[in-house]
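Each remark here refers to the structure printed beneath this line.
The values are calculated or read from the model by the stated rules, or taken from the named source; none is laboratory data. Everything numeric in this text was worked out from a predicted model, so none of it was measured. Cβ: placed from backbone, ideal geometry, glycine included. Neighbour counts: every protein chain shown.
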């Protein structure tokens with residue numbers, strides 16, 4: 001897993017959350033290395049915005065990041081998952 005370097009002074013909770021997110025997401029999805037790098041960049045940016053907004057709990061950041069990635073790839077969409085409501 002490539003390491004994302006964060007600006008000095010950022011809390012360890014943010015990096016811990018990003019590492020957990022990517023580890024869990026890697027277990028859920030099979031992607032190319034390029035797709036994995038793109039996902040890490042996107043979720044890192046998203047987590048940084050949450051962190052800058054005041055969220056410091058690494059567990060909450062992890063859940064938010066996983067939800068964000070699943071929304072991006074469409075796996076949170078019940079129709080794409082095969083649920084038709086019938």
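What number of residues within segment 10-43 satisfy the criterion of being surrounded by fewer than 20 Cβ atoms within 10 Å (Cβ to Cβ), under 13 Å from the mean Cα position of the chain (by Cα) and over 17 Å from residue 74 (Cα atoms)?
7
Kindly establish whether residue 25 is modelled with pLDDT under 95 and either out of contact with any strand residue (DSSP E or B) (no Cβ under 9 Å at 6 or more places or on another chain) or on the phi > 0 side of the Ramachandran plot (or both).
Here the answer is yes, as residue 25 does meet what is asked.
It is to be established whether one or more residues within segment 72-83 are at positive phi, part of a loop (DSSP other than H, G, I, E, B) and modelled with pLDDT of 90 or more.
no
In segment 20-35, what residues are in contact (Cβ under 8 Å) with a residue 12 or more places away in the chain and farther than 13 Å from residue 70 by Cα?
20, 23 - these are the residues of segment 20-35 that are in contact (Cβ under 8 Å) with a residue 12 or more places away in the chain and farther than 13 Å from residue 70 by Cα.
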